[in-house]
1. Given the options 92, 24, 37, identify the residue whose Cα lies farthest towards the positive end of the charge dipole of the range 1-101 (+1 on Cβ of Lys, Arg; -1 on Cβ of Asp, Glu).
2. What ³J(HN,Hα) values, in whole Hz, does the Karplus curve 6.51 cos²θ - 1.76 cosθ + 1.60 give for the range 130-137 when θ = phi - 60°, with x put for Gly and Pro?
3. Report the Cα centroid-to-centroid distance between the range 153-191 and the range 129-145 in angstrom, as an integer.
4. What order, most packed first, do the peptides 58-69, 81-92 have when packing is the mean number of other Cβ atoms within 10 Å of each residue?
5. In Å², what does the accessible area per residue of the chain work out to with a 1.4 Å probe?
6. In terms of modelled amide H atoms, which long-range or inter-chain residues lie less than 5 Å from the amide H of residue 42?
7. Among [x] 19.4; [y] 17.5; [z] 20.7, which one is Kirkwood radius over Cα pairs in Å computed from these coordinates?
8. Can you tell me, using C-alpha contacts under 8 Å and at least 6 residues apart, the relative contact order of the chain as a whole percent?
Amino acid sequence: MKKHYSSKSIEQKRKFIFVTFWNMEKAEKILNELEQNGYRFVKSRFRYFFTFQTSAPKKVQYVFTYILPKDTGPFGDWQILLKSDEYRGNLIQQGYFDIFRITRENVNLQDFYMDRLMYTRRVLIQKTIIAAFMAFVGAYATLTGDYSVIGRLCTMFLFVGGLLALLSYIIGFCSTVQQKKNLIDKYKGKTENGSVSL
């Protein structure tokens, strides 16, 4: 018998989920599992604080997209495609991440995941170059410049911030290697079911 939820019985649940643009699969999996357990995603605040409300358990697929501001590359087309009848994705939230809830059953997201992975790698390369430049400028200015205490603290902050960002982006890029392997393993040999083999 199907359980109905009245406005009085709806409860909210908040959860902290650490998610980066190079590891969105983790958050997607959590949102999928929570909805199957009767908690539907409603919104997120400050990127990491997610709010859910009780609903009828349902098997859906949540997908996250991350696109740089003013980036008009081909990956942006997925923002439109996910809303089409082929995927039936509802845009739940826009922001740092755009979060879609796909209700169509057995939808094949292989092409989306691969395109997103390639786009993520391109963004990581760009951000790694910028972070390396920041770290270099900060280190050079700290070691060679004749600054006041405040000026030296600023140059050290630039160096440390650039270095930490550089390390995180390198770790992120390395994680995409495993993600690609996982995708290949997941979709390997599915041509018999109509999917495209990698």
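The values are calculated or read from the model by the stated rules, or taken from the named source; none is laboratory data. Only a predicted model underlies this, so the values are computations on that prediction, with no experimental measurement involved. Cβ: placed from backbone, ideal geometry, glycine included. Neighbour counts: every protein chain shown. Heads up: the accessible areas ignore ligands, DNA and RNA and are worked out on the full protein's heavy atoms, side chains in. Shrake-Rupley method; radii C 1.70, N 1.55, O 1.52, S 1.80 Å.
1. 37
2. For the range 130-137, the Karplus-derived couplings read 5, 5, 5, 5, 4, 5, 5, 4 Hz, x marking Gly and Pro.
3. Comparing the Cα centres of the range 153-191 and the range 129-145, I get a distance of 21 Å.
4. For the peptides 58-69, 81-92, the packing ranking is 58-69, 81-92.
5. Working: 12630 Å² over 198 residues.
Per-residue accessible area for the chain comes out at 64 Å².
6. 51, 52, 53
7. Correct label, based on the coordinates given: [x].
8. Working: 248 pairs, mean separation 31.4, N = 198.
Relative CO of the chain lands at 16 percent.
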